[in-house]
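What follows is a set of notes on a single structure, which appears directly below.
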Amino acid sequence: MELLGKEINDCQCGKTHKLIPEHIIINENALKELPKLAIKSVSGDQTKRKVLILYDIRTLTIAGKRVANEFKEAGWQVFEEMVPDPNEMQVPKCDDKTHAILSAKVPIIDVIIPVGSGVLSDLGKWLAFERKVPFLTFATAASMNGYTSANVAPSINGVKSLVHAVPPYAVVSEPQVLSNAPHEMTVAGLGDVLAKSVSSLDWLLNNLLFNDYYCARSVGLITDIEPLYLEQSHRIATHDPQAIVAMTNALMLTGVAMTMAGTSAPASGGEHLISHSLDIMSAIDGHPHDFHGRQVGVATCMMAALYEKVIQISDSPVLYDPPFEIDKDFWGPVADEVQSKYKEKLPRLHIAKNLLAQPGFWPKVKKQLSTMHRSPDIIRSCLTNANGATNFSNLNINRNRLRLALEHAHQMRARFTVLDLAYIFGIFPNYIDDLIDDWAT
């Protein structure tokens, strides 16, 4: 954390990195620091004292009202906006509709403070980016890795998308607030941070196949604190503040890694596509989906197992033509949007197959992948000890629903992942049932 706000000029990737946000503060007095940090975010301009506090009906009582009062006492003109629930059975969404409603209601302000987790953080980030004003987030749960990243992950026209915005100036929280968050949200955060072990492999795979940019330093940002939650995940099950703060710091640094890389690749690979597919299926048929990170955790276990299977492929692999078309019947009303994303990936699928056909190429690739591969047993054990989701029943879906997500997830984004590799090697779709039997049942 001591490198936050500083530049790294000696990275082996060849780039100069500035590690932002400027501040990550998690302690008992963090909330009181917010007005001071907000002044710093506008370069000390004392005339800029209009702040918007964003919260929902839940985070209002957790910290939203306290944050608003802290700014009032510090002499700020405070505007408060409650993000509404779509209906009695749903929580707020980060989508184009909610964004349009907020954009029409929000006045001219100098700073935005979202109080919440994924949805509130992304909505505040999106608004701040468009208004060209700084924002600082008060995190109410250790539920996801997007707090510190520059990315917004909204649903646009029904499809999970990516908006490149800017990172927050600061993220703050209190250990007690994080420890008191619903357990399902905390283990969702665990699933999201565990995904890095697979998403980093996908990122390296793209570097090895297509010479895409890759930064080992950003991948290694959380190495020192991983043992505090990976080897002691039972402490997350008991809401031990030290373990949850350690995991929160890992989530924050994973977001920093995405900003360093200029892409979500360090923290989002095939496992996230499976979760996004489940989300889209819910939007289409109305069946509720689980927390994103809980879905990601189950998917991470399966993708680690899939990588294990891929690495065992012979040095002279038999290769298959990848699918050229998406399944429009499956994607229904969002088929055109998905088709446009998949069309972007088609040239890469052909390049990958041609490269893998070259003698000696695949052995070199799998050797490098194997050095970073983490066993699915370790991931499942960590989730189990934390009382997290480890199978499709925990996600309140049936086997066939997960199977459909696994079969189609590779179609929804232009990013190449182990899912695409599985089709080129002929592992998918036949191995999907065994994968679910062994790692998600």
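The values are calculated or read from the model by the stated rules, or taken from the named source; none is laboratory data. Everything quoted here is computed from the prediction, not taken from an experiment. Using ideal geometry, Cβ is built from the backbone for each residue, glycine included, and neighbour counts are taken over all protein chains shown.
Just one of the listed residues (ALA165, ALA141, ALA153) is of a type in the set (A, V, I, L, M, F, W, C) and surrounded by fewer than 20 Cβ atoms within 10 Å (Cβ to Cβ), and it is ALA165.
Taking the criterion of being more than 17 Å from GLY118 (Cβ to Cβ), assigned to a helix (DSSP H, G or I) and basic (Lys, Arg), the residues of the stretch 49-83 that qualify are LYS65, ARG66, LYS72.
Quick one: which of ILE57, ILE53 is among the hydrophobic types (A, V, I, L, M, F, W, C), loosely packed, with under 15 Cβ neighbours inside 10 Å and under 24 Å from PRO175 (Cβ atoms)?
Numbers: ILE53 fails: loosely packed, with under 15 Cβ neighbours inside 10 Å.
Answer to the selection: ILE57.
Note on the stretch 3-15: residues that are out of contact with any strand residue (DSSP E or B) (no Cβ under 6 Å at 6 or more places or on another chain), under 20 Å from PRO168 (Cα atoms) and without any contact (Cβ under 8 Å) to a residue 60 or more places away in the chain total 3.
Considering the stretch 1-21, and only residues there that are part of a loop (DSSP other than H, G, I, E, B) and modelled with pLDDT under 85, the residue that is surrounded by the fewest Cβ atoms within 10 Å (Cβ to Cβ) turns out to be GLU2.
Within the stretch 88-101, the residues that satisfy the criterion of being farther than 14 Å from SER282 by Cβ and not charged (D, E, K, R) are PRO92, CYS94, THR98, HIS99, ALA100, ILE101. Against the definition (outside any helix (DSSP H, G or I) and out of contact with any strand residue (DSSP E or B) (no Cβ under 9 Å at 6 or more places or on another chain)), how does ALA257 come out, yes or no? No, not satisfied.
For PRO86, indicate whether it is exposed (fewer than 13 other Cβ atoms within 10 Å of the Cβ), free of Cβ contacts under 8 Å to residues at least 40 places away in the same chain and outside any helix (DSSP H, G or I). Spell out the reasoning first.
Values: exposed (fewer than 13 other Cβ atoms within 10 Å of the Cβ): yes; free of Cβ contacts under 8 Å to residues at least 40 places away in the same chain: yes; outside any helix (DSSP H, G or I): yes.
It is true that PRO86 is exposed (fewer than 13 other Cβ atoms within 10 Å of the Cβ), free of Cβ contacts under 8 Å to residues at least 40 places away in the same chain and outside any helix (DSSP H, G or I).
Restricting attention to the stretch 152-192, the residues being modelled with pLDDT under 95, in a strand (DSSP E or B) and among the hydroxyl-bearing types (Ser, Thr, Tyr) number 1.
Within the stretch 350-370, not a single residue is touching a residue at least 12 places away in the same chain (Cβ under 8 Å) and touching a Gly at 6+ places or on another chain (Cβ under 9 Å).
Being under 23 Å from ILE313 (Cα atoms), within 26 Å of the chain's Cα centre (by Cα) and among the hydrophobic types (A, V, I, L, M, F, W, C): is that true of ILE436 here? Judged against the criteria, ILE436 is a match.
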